[in-house]
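The values are calculated or read from the model by the stated rules, or taken from the named source; none is laboratory data. Computed from a predicted structure; not experimentally measured. Quick reminder, even Gly has a Cβ in these numbers, built from the backbone with ideal geometry, and neighbours come from all protein chains shown.
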Amino acid sequence: MTENKPHPATVAPAAEPANTRRGRSTVAPQARLIAPDLARGLTLLSIAMANATVTWGRHTDTVALPDLGGITGDGTADKLAIAFGILFTHVRGLPLFSTLMGYGTGMLALSLWRRGYPVGAARAVLIRRYGLLSVIGVAHMVLAYLGDIMFFYGVAGILLAALMVFRDKTLYIIAAILGSIGLVVFGAGGLLAGTGPMAQGTVSATAVSYPLYVLVNVGALIVQIVMVPVEIITVFPVILIGFIWGRNRVISNARQHKPLLITAAVIGVAANLATAVPAILALYGFIDASWVERAGTVNAASGMLTGPGSLALIVLVCMPLQRRISAAVAAGNPRPIPAVLVPFVALGRRSMTGYVLQSVLFVALLTPFTLDLGQDKGALWLTLTATAVWAVTVVVAWALELADLPGPLEWVHRRLAYGNNGLQGHWRPDHPLPVRPGELIVCSAADNPTMIIDAPGQPPRPYTPRQQC
């Protein structure tokens with residue numbers, strides 16, 4: 001879609017081919033995109049490592065750099081783990097996951113447009129879906145992990161519903177303005193003040209009983225709500241970029257969008273190195289040690305730029321594999337994905353379940369009222385523990401894949417959001433609605449669209465659909 005054309009959300013198209021009574025599409029099967037699923041599955045490892053080192057470890061004052069996992073003993077192994085985390089986990093998994101969240105929302109908005117949903121009905125679907133995601137996030141935050149991100153993703157989804165009819169250029173401008181504010185606030189503030197990341201899980205991780213743990217998390221929920229504006233200037237910009245990419249089907253048409261993907265990848269790598277290199281140099285004493293914390297604060301905003309870049313890299317790497325998978329599906333192969341990747345793809349398809357299961361396992365392993373294995377452990381130990389936790393979630397997701405079952409949380413979320421029958425294959429109003437600019441097309445008595453309204457305030461113009469409603 002280009003800037004000289006109306007955004008699809010303001011145009012109701014002809015319907016996609018009808019489904020059979022049993023709900024199976026009559027359209028030839030198409031290969032599911034592997035890059036998003038693989039990215040989500042692998043990114044959950046990065047998220048587990050970041051959460052374990054930043055929020056789940058419990059350290060006394062004798063442990064250095066507790067906010068990055070801690071340095072124990074002679075520090076050699078822990079410093080290696082911290083350097084690895086600076087490069088690949090701290091504000092690395094979250095930006096990629098956030099970009100993917102936006103991409104999925106953009107794809108959903110595009111799907112609703114193709115099904116003929118008017119803007120009001122499409123917004124209602126998005127608001128219901130992401131409002132429920134926020135509710136799930138609140139439950140996760142209070143009962144398991146105060147660092148939950150699903151609550152804000154729900155808020156972001158509702159914001160996207162409000163912005164869904166805006167043109168790409170407008171959304172890019174909004175993302176740039178918000179991101180610039182975040183960079184100024186955190187970048188300048190970090191360089192001047194030198195304050196490092198807050199180990200937000202420390203208070204929660206030291207709770208001596210589960211009721212106290214829940215009480216602390218309730219307080220964290222209040223803080224999270226107050227901090228929504230901060231997340232809007234740090235996390236939301238990359239969600240917006242993902243949304244634009246999703247409704248333009250950038251991953252589906254990776255070859256067409258290759259210049260964009262390469263540009264994003266270069267920016268992502270540059271943003272990564274710009275914050276990681278100073279922190280690692282400071283970690284090993286080549287520059288002033290305060291740069292570890294200064295770079296960490298700057299990274300809270302600039303690190304978000306790695307999200308679109310990381311996704312772009314994964315898409316570029318997966319392009320040959322996607323072609324082989326598509327060819328295999330077209331040839332009727334029921335298992336087109338290489339066996340070695342199936343477990344990780346399975347986790348990516350069940351990322352909500354995997355994300356929450358991580359928290360449950362961390363509670364069982366690291367809190368004082370359970371096994372209490374996290375006291376004064378260093379970054380390496382916490383990183384390896386996170387890897388083991390992630391591996392368990394991979395096995396669980398793989399077992400569900402082999403049993404052809406969805407993730408439990410994905411199933412509940414979809415059922416609550418869309419009902420027992422899912423989304424309508426083609427939107428039909430339950431009662432007559434007035435034609436409003438930007439929302440409805442004018443159809444003839446034969447139910448064939450003949451006129452189209454490009455945008456609010458513009459007159460109808462002739463429209464020739466490719467297929468019947």
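In table form, for the structure just shown:
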quantity: Boolean, residue 280 is of a type in the set (A, V, I, L, M, F, W, C), touching a residue at least 60 places away in the same chain (Cβ under 8 Å) and over 13 Å from residue 311 (Cα atoms); calculated: yes
quantity: Residue list for segment 145-168, filter: under 14 Å from residue 120 (Cα atoms) and small (Gly, Ala, Ser); calculated: 161, 162
quantity: Residue 159 being of a type outside the set (Gly, Ala, Ser), modelled with pLDDT of 95 or more, more than 22 Å from residue 51 (Cα to Cα) and buried (at least 16 other Cβ atoms within 10 Å of the Cβ); calculated: yes
quantity: Residue match in segment 257-276 (condition: closer than 26 Å to residue 76 by Cβ, in a helix (DSSP H, G or I) and out of contact with any Ser or Thr (no Cβ under 7 Å at 6 or more places or on another chain)); calculated: yes
quantity: Residue in segment 232-245 that is in a loop (DSSP other than H, G, I, E, B), over 22 Å from the mean Cα position of the chain (by Cα) and modelled with pLDDT of 95 or more present; calculated: no
quantity: Within segment 288-353, helices (runs of 4 or more DSSP H) holding 1 or more residues that are modelled with pLDDT under 90, in contact with a Leu (Cβ under 7 Å, 6 or more places away or on another chain) and within 22 Å of residue 103 (Cα to Cα); calculated: 291-302
quantity: Failed item in (1) under 30 Å from residue 221 (Cα atoms); (2) part of a helix (DSSP H, G or I); (3) modelled with pLDDT under 95, with residue 112 passing the rest; calculated: (1)
quantity: The lone exception for residue 153 - which of (1) of a type in the set (Ser, Thr, Tyr); (2) within 19 Å of the chain's Cα centre (by Cα); (3) within 17 Å of residue 422 (Cα to Cα) it fails; calculated: (3)
quantity: Out of 382, 405, 423, 357, sole residue that is outside the structural domain of residue 252 (by TED's automatic domain parsing) and either under 28 Å from residue 130 (Cβ atoms) or surrounded by 21 or more Cβ atoms within 10 Å (Cβ to Cβ) (or both); calculated: 423
quantity: Verdict on residue 266 being surrounded by fewer than 15 Cβ atoms within 10 Å (Cβ to Cβ) and in contact (Cβ under 8 Å) with a residue 24 or more places away in the chain; calculated: yes
quantity: Unmet requirement for residue 285, which otherwise passes all of (1) at negative phi; (2) without any contact (Cβ under 8 Å) to a residue 24 or more places away in the chain; calculated: (1)
quantity: Output for segment 219-256, where each listed residue is basic (Lys, Arg) and on the phi < 0 side of the Ramachandran plot; calculated: 247, 255
